[in-house]
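Okay, structure first, notes after.
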Amino acid sequence: MKKKISVHSSTKSKERASKLRIISGEWRSRQLPIPNIEGLRPTPDRVRETLFNWINYEIPGARCADLFCGSGALGLEALSRGAKSAIFVDNSKVVAQQMNDNLTTLKAENYQVVQQNAAEFLATAPPQPLDLIFLDPPFRKNWLAQIVPLLENGWLADTALVYIEMEKEASLPSLPASWTLQKEKTAGQLVYRLFAVNQANH
């Protein structure tokens, strides 16, 4: 009997863990399924809340990209709060399919889901510069050192914002001189930072 209760509890816990809740905006409190994939880490609610308090006034009308999107938590939150468009990039076919399904469920507009390695995606010419980039790559894979230089190839608007979420023990790669740290905070095993880009002065 104890075994059955334990299994049932575990199943319920897993079901809860596989839902994403949008915090605010047009889709406030909507819950969406996310894939149960090893290594997929939706940005915790409290971290998202802090981040979007930082950038609240910058979101309306912004063109965004959620690279390594996973659950899509950051890009969806931005669209919910009035971003003009969002590109969701992830190498996983399962993630891309779930993103398309969730965006269809929300009746979202002005979005693009790209199933591709983020570095390969950024190696292509951007249709137009982006105002807001979310970077939450898999931990301990050294992705940021590859991605940051690629963003400088026309992907960033002159006054773009770049959000980086990473494991606390890791070091940031070398960053362009035009990037300035605006905010920084630690939550458990991760550290998250917001950078402002001012290319006009460089």
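The values are calculated or read from the model by the stated rules, or taken from the named source; none is laboratory data. Just so it is clear, the model here is predicted, and its values are computed rather than measured. Cβ placement follows ideal geometry from the backbone for every residue including glycine, while neighbour counts extend to all protein chains displayed. Just so you know, the surface numbers come from the protein's heavy atoms only, side chains and all, with ligands and any DNA or RNA stripped out. Shrake-Rupley method; radii C 1.70, N 1.55, O 1.52, S 1.80 Å.
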Given (1) surrounded by fewer than 20 Cβ atoms within 10 Å (Cβ to Cβ); (2) within 18 Å of the chain's Cα centre (by Cα), where does ASP136 come up short, assuming only one miss?
(1)
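So which residues in the stretch 170-202 are open to solvent by 70 Å² or more (accessible area, probe 1.4 Å), out of contact with any Leu (no Cβ under 6 Å at 6 or more places or on another chain) and not acidic (Asp, Glu), if there are any at all?
Just the residues of the stretch 170-202 that are open to solvent by 70 Å² or more (accessible area, probe 1.4 Å), to begin with: 171, 174, 177, 180-186, 189, 200-202.
Filter once more, keeping what is out of contact with any Leu (no Cβ under 6 Å at 6 or more places or on another chain): 171, 174, 177, 180-181, 184-186, 189, 200-202.
Within the stretch 170-202, SER171, SER174, ALA177, THR180, LEU181, LYS185, THR186, GLN189, ALA200, ASN201, HIS202 meet the criteria.
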Residue among ILE59, ILE37, ILE87 that alone is surrounded by fewer than 20 Cβ atoms within 10 Å (Cβ to Cβ) and of a type in the set (A, V, I, L, M):
ILE37
Search the stretch 136-154 for residues that are under 17 Å from GLN189 (Cα atoms) and pair each with any residue that is open to solvent by 20 Å² or more (accessible area, probe 1.4 Å) and assigned to a helix (DSSP H, G or I) when their beta-carbon atoms are under 7 Å apart and the residues are at least 6 apart or on different chains.
PRO137/TRP143
Has the stretch 139-150 got at least one residue that is touching a Ser or Thr at 6+ places or on another chain (Cβ under 8 Å), surrounded by fewer than 14 Cβ atoms within 10 Å (Cβ to Cβ) and within 19 Å of ARG41 (Cβ to Cβ)?
no
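Looking at the stretch 35-68, which of the residues that are polar (S, T, N, Q) and in contact (Cβ under 8 Å) with a residue 60 or more places away in the chain is farthest from SER18 (Cα to Cα)? Can you show your working first?
First, the residues of the stretch 35-68 that are polar (S, T, N, Q): 36, 43, 50, 53, 56.
Now drop any that are not in contact (Cβ under 8 Å) with a residue 60 or more places away in the chain, which leaves 43, 50.
Numbers: THR43: 13, THR50: 22 Å.
Here the residue is THR50.
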Based on this model, can you work out whether TRP155 counts as in contact with a Pro (Cβ under 7 Å, 6 or more places away or on another chain), under 28 Å from GLN98 (Cβ atoms), at pLDDT 95 or above and of a type outside the set (Asp, Glu)?
yes
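Collect the residues in the stretch 155-169 that are touching a Leu at 6+ places or on another chain (Cβ under 9 Å) and open to solvent by 30 Å² or more (accessible area, probe 1.4 Å), keeping them in residue-number order.
LYS168
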Against the condition in contact (Cβ under 8 Å) with a residue 40 or more places away in the chain and surrounded by fewer than 18 Cβ atoms within 10 Å (Cβ to Cβ), how does GLN128 come out, does it pass?
yes
For the stretch 105-121, how many residues are without any contact (Cβ under 8 Å) to a residue 40 or more places away in the chain and more than 26 Å from ARG30 (Cα to Cα)?
4
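THR50 - would you say it is over 25 Å from GLY154 (Cα atoms), open to solvent by 20 Å² or more (accessible area, probe 1.4 Å), at pLDDT 95 or above and β-branched (Val, Ile, Thr)? Steps first, answer last, please.
Working: over 25 Å from GLY154 (Cα atoms): yes; open to solvent by 20 Å² or more (accessible area, probe 1.4 Å): yes; at pLDDT 95 or above: yes; β-branched (Val, Ile, Thr): yes.
So THR50 passes the test.
Just one of LEU181, LEU161, LEU144 is in a helix (DSSP H, G or I) and under 21 Å from PHE195 (Cα atoms); which is it? Don't jump to the end; show me each part of the working.
Details: LEU181 fails: in a helix (DSSP H, G or I); LEU161 fails: in a helix (DSSP H, G or I).
Going through LEU181, LEU161, LEU144 in turn, just one is in a helix (DSSP H, G or I) and under 21 Å from PHE195 (Cα atoms): LEU144.
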Conditions (1) crowded, with 17+ Cβ neighbours inside 10 Å; (2) modelled with pLDDT of 95 or more -> GLN116 fails only (1)
